[in-house]
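J.: Here's a structure for you.
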Amino acid sequence: MTLPIDGYEALGVRPMIEPEMEAFWEAAARGELVVEQCDACGLHVFPLRGVCRRCRGRSMSLVVVEPPAILYSYTVNHHPWAPGMEPYPLGIVEGPGLDGIRFVGLLAGFDGELEIGQPVGFAFHKSSAIGGLTRLHFTPWERR
Amino acid sequence: MSRRSAWARPIISGLGFSDVGRRLGRSRYQLTVDAILAAVDDAGLQLADIDGIACFPSSAVELNPGFNGPDLYEVMDGLGLEVNWHLGTSQGPAQFMSVIAAATAVSAGLCRHAVVFRTTTEASAQGAGGRGGLGTQGTQTEGVLSSLLASGAVSPANWTAFYLRRHMHEYGTTREHLGAIAVTERAYAALNPRAVLRSVMTMDDYLDARVISSPLCLFDCDLPVDGSVAIVVSAPETAADVRHSATIEAVGTAMRHRPYWEHWPDLTSMATHDAAEHMWSQTDLRPGDVDVAQIYDAFSPFVIFWLEALGFCGRGEGGFFVEGGKNIGPGGCLPTNTWGGQLSGGRLHGWGFLAEALHQLWGSADARQVDGTEVVVVGVGGGASASSMLLTRGS
């Protein structure tokens, strides 16, 4: 199923942005997906916290997550939350080596069957639903 | 693993309902008063005997229209309650956090008879427009759901679908397995005058139903209603003074993993597993002792997750356990959701399960009665919070 992002940018709810998460949304506006990594023990942390739950370290660095991520599960939403909506697919992905962190987003441009385990790429779009913030969505992964 | 040494085995001494239905046109406040007065009467007590009160959720911003009940203080004021203990709370181990907190207070001797209620007016609040996604009330969301909602996954149907798809992928669970839950519960609902959906559902009806979020269809999703349910939790030494009693033998409240739908270690398990393990650690009873199960089914896959979590079958076997309804249906080894569940009985947000557990233990389940019921397990919650209780027949 091919899904243009246009029209689905209006789907979502605006998050309250805690101070710790400002850097995440700033990175998204630059087209980057970032998580924290503990400087002491290397644990990846998301949402951004400023503290490591494994070693209680308080020194964290931002790291950019590079695609591809792996499609962990997916669903095709059919129920129209607003009148006239067509079905659209959502995916939940995990990045290799990200200590269990997963991301959820719209799946755009996927023709044919979705398959758990397939690699996906990242793209970003501005969403009016979330106050004009830029957010992540997923695209088919083109092997280079 | 915690070892409980001071649990006094509080009792549930009364149960009360308001009317339950679709768009009743009565305020959440009046429904609540109806249920509380009925519960106190059912216990054979007076309002003056009530010295504790609790509810979930509290007066936090509503997740979706009609989700919250009335303000706790306004209820206390309307009934003229003078209490030794009270609590209204929104964050805790799922829908029984209020019951378990009250039971803990009673067990510790802080109060003697606590009323606990849950009121929802989701049917009226939604109106003719039908079910919307979450967070449509507020302009911003905070907390553990905010990333999901910001991403475009605006409904728990989407999040549950992720889990179900993964469970199907790893264990071969099928839509027919889910259909067996929906069809069996509808058959039970036909025997429940309070259930909102009672017409026959066949497997073909289920398989042909419109998709909500694949693989979930309409009949995998519960039905919003208006209604209030209340219970009285009492000190065990009052058993001779009250009309009937069910003993709270053990409770499970544990959450040992990240409280996020999307970051749960494995999408084929949920907080159900933590709560169930915690509950079993606090009793000598075992799954084999359970006569009837009352298990949260806001979405039908939760039943499969709970059955596995509670140890009625092995990990990944939940679909095969419910296949054909032979185990969970009338006469099966584990009659489950004998009131029709929230799928057919209506979305009383966990409390329909508690009410039916009490009916089964007290022998008042009428045409749905499972003879000789002595032990009932109740599990509520889907996703990152859950709680369970083991209830036994009182004296």
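J.: Working carefully through the options B:TYR206, B:TYR163, find the one that is modelled with pLDDT of 95 or more and surrounded by 24 or more Cβ atoms within 10 Å (Cβ to Cβ).
T.: B:TYR163
J.: Counting just the residues of region B:269-308 that are surrounded by 23 or more Cβ atoms within 10 Å (Cβ to Cβ) and of a type in the set (Ser, Thr, Tyr), which one comes out nearest to B:ALA386 (Cα to Cα)?
T.: Filtering region B:269-308 for residues that are surrounded by 23 or more Cβ atoms within 10 Å (Cβ to Cβ) and of a type in the set (Ser, Thr, Tyr), the one nearest to B:ALA386 (Cα to Cα) comes out as B:THR272.
J.: For region B:345-354, state whether one or more residues are more than 15 Å from B:PRO287 (Cβ to Cβ), out of contact with any Asp or Glu (no Cβ under 7 Å at 6 or more places or on another chain) and without any contact (Cβ under 8 Å) to a residue 24 or more places away in the chain.
T.: no
J.: Only one residue in B:LEU218, B:LEU148 is farther than 20 Å from B:SER300 by Cα and within 14 Å of chain A (Cβ to nearest Cβ), so which one is that?
T.: B:LEU148
J.: With respect to A:GLY7, is the statement that it is of a type in the set (Gly, Ala, Ser), modelled with pLDDT under 95 and in a loop (DSSP other than H, G, I, E, B) true?
T.: yes
J.: Something else about it: Filter region B:309-326 down to the residues that are surrounded by 24 or more Cβ atoms within 10 Å (Cβ to Cβ) and of a type in the set (Gly, Ala, Ser), then identify the one that is nearest to B:LEU348 (Cα to Cα).
T.: Ranking the qualifying residues of region B:309-326, first place goes to B:ALA309.
J.: Can you pull out the residues in region A:128-140 that are surrounded by 23 or more Cβ atoms within 10 Å (Cβ to Cβ) and more than 8 Å from chain B (Cβ to nearest Cβ)?
T.: A:PHE138, the sole residue that qualifies.
J.: Which of the residues that make up region A:71-94 are among the hydrophobic types (A, V, I, L, M, F, W, C) and farther than 18 Å from B:LEU164 by Cα?
T.: A:TRP81, A:ALA82, A:MET85
J.: Also, I was wondering about something else. Check off (1) crowded, with 20+ Cβ neighbours inside 10 Å; (2) within 23 Å of B:ARG256 (Cα to Cα); (3) more than 9 Å from chain B (Cβ to nearest Cβ) for A:TYR72 and give me the number that stays unchecked.
T.: For A:TYR72, the failing item is (3).
J.: From the list B:ALA246, B:ALA271, which one is away from every other protein chain (no Cβ under 12 Å) and either in contact with a strand residue (DSSP E or B) (Cβ under 7 Å, 6 or more places away or on another chain) or of a type in the set (Ser, Thr, Tyr) (or both)?
T.: It is B:ALA246.
J.: Sticking with this structure for a sec: Residues B:ALA108, B:ALA8, B:ALA54, B:ALA35: which one is buried (at least 23 other Cβ atoms within 10 Å of the Cβ), aliphatic (A, V, I, L, M) and closer than 28 Å to B:THR283 by Cβ?
T.: Every option except B:ALA54 fails the conditions.
J.: Continuing with the same structure: Run A:HIS79 past the list (1) assigned to a loop (DSSP other than H, G, I, E, B); (2) touching a residue at least 40 places away in the same chain (Cβ under 8 Å); (3) within 12 Å of chain B (Cβ to nearest Cβ); (4) of a type outside the set (Lys, Arg) and report the number of the one that doesn't hold.
T.: Unmet for A:HIS79, out of (1) assigned to a loop (DSSP other than H, G, I, E, B); (2) touching a residue at least 40 places away in the same chain (Cβ under 8 Å); (3) within 12 Å of chain B (Cβ to nearest Cβ); (4) of a type outside the set (Lys, Arg): (2).
J.: Still on this structure: Among the listed residues B:GLY329, B:GLY341, identify the single one that is surrounded by 24 or more Cβ atoms within 10 Å (Cβ to Cβ) and touching a helix residue (DSSP H, G or I) at 6+ places or on another chain (Cβ under 9 Å).
T.: The conditions single out B:GLY341.
J.: Look through B:ALA209, B:ALA189 and report the one residue that is within 14 Å of chain A (Cβ to nearest Cβ), among the small types (Gly, Ala, Ser) and farther than 30 Å from A:LEU98 by Cα.
T.: Exactly one residue qualifies, and that residue is B:ALA209.
J.: Evaluate the following for A:LEU90: is it assigned to a strand (DSSP E or B) and touching a residue at least 60 places away in the same chain (Cβ under 8 Å)?
T.: Considered against the rule, which asks whether it is assigned to a strand (DSSP E or B) and touching a residue at least 60 places away in the same chain (Cβ under 8 Å), A:LEU90 comes out as no.
J.: Criterion first (closer than 19 Å to B:LEU145 by Cα, hydrophobic (A, V, I, L, M, F, W, C) and surrounded by 18 or more Cβ atoms within 10 Å (Cβ to Cβ)) does A:VAL45 satisfy it?
T.: Taking the combined requirement at face value, the residue satisfies it.
J.: What are the residue pairs meeting all of these: first residue in region A:117-144, first residue polar (S, T, N, Q), second residue not in a loop (DSSP other than H, G, I, E, B), Cβ atoms under 6 Å, and 6 or more apart or on different chains?
T.: Close Cβ pairs (under 6 Å, with a partner that is not in a loop (DSSP other than H, G, I, E, B)) amount to A:GLN118/A:LEU71; A:SER127/A:ARG135; A:THR134/A:ALA28; A:THR134/A:ALA29; A:THR134/A:PHE124; A:THR134/A:LYS126; A:THR139/A:GLY121; A:THR139/A:ALA123.
J.: What are the residues in region B:306-355 that are of a type in the set (D, E, K, R) and part of a helix (DSSP H, G or I), if any?
T.: The answer is B:GLU308, B:GLU323.
J.: Still on this structure, I have one more. Checking B:GLU82 against (1) assigned to a helix (DSSP H, G or I); (2) at pLDDT 95 or above: exactly one of these is not met. Which one?
T.: With (1) assigned to a helix (DSSP H, G or I); (2) at pLDDT 95 or above applied to B:GLU82, the lone miss is (1).
J.: Go through (1) at pLDDT 95 or above; (2) of a type in the set (A, V, I, L, M, F, W, C); (3) farther than 25 Å from B:GLN140 by Cβ one by one and return the number of the condition A:VAL35 breaks.
T.: So A:VAL35 meets the others, but not (3).
J.: Return yes when B:ARG175 is farther than 30 Å from B:TRP85 by Cα and modelled with pLDDT under 95 and no when it is not.
T.: Criteria not met by B:ARG175.
Residues are listed down the side, and each one gets a yes or a no for (1) of a type in the set (A, V, I, L, M, F, W, C); (2) in contact with a Cys (Cβ under 8 Å, 6 or more places away or on another chain); (3) modelled with pLDDT of 95 or more:
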site	(1), (2), (3)
B:ILE11	yes, no, yes
B:VAL20	yes, no, no
B:GLN30	no, no, yes
B:ALA35	yes, no, yes
B:ASP42	no, no, yes
B:ILE50	yes, no, yes
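J.: Looking at region B:249-266 only, could you name the residues that are closer than 22 Å to B:VAL378 by Cα and touching a strand residue (DSSP E or B) at 6+ places or on another chain (Cβ under 8 Å)?
T.: B:GLU249, B:ALA250, B:VAL251, B:GLY252, B:THR253 - these are the residues of region B:249-266 that are closer than 22 Å to B:VAL378 by Cα and touching a strand residue (DSSP E or B) at 6+ places or on another chain (Cβ under 8 Å).
J.: Go through (1) away from every other protein chain (no Cβ under 14 Å); (2) over 26 Å from B:MET389 (Cα atoms); (3) out of contact with any Asp or Glu (no Cβ under 7 Å at 6 or more places or on another chain) one by one and return the number of the condition B:TYR171 breaks.
T.: All conditions are met except number (1).
J.: Restricting to region B:246-268, what's the tally of residues that are polar (S, T, N, Q) and within 18 Å of the chain's Cα centre (by Cα)?
T.: Residues that pass the stated criteria total 2.
J.: Residues to consider are B:SER124, B:SER98; find the one that is touching a Leu at 6+ places or on another chain (Cβ under 9 Å), modelled with pLDDT under 95 and either of a type in the set (Ser, Thr, Tyr) or farther than 27 Å from B:MET201 by Cα (or both).
T.: Sole residue among the options that is touching a Leu at 6+ places or on another chain (Cβ under 9 Å), modelled with pLDDT under 95 and either of a type in the set (Ser, Thr, Tyr) or farther than 27 Å from B:MET201 by Cα (or both): B:SER124.
The values are calculated or read from the model by the stated rules, or taken from the named source; none is laboratory data. What you see is a predicted model; the values in this text were computed from it and never measured. Positions of Cβ are generated from backbone atoms using ideal geometry, with glycine treated the same way; all protein chains shown enter the neighbour counts.
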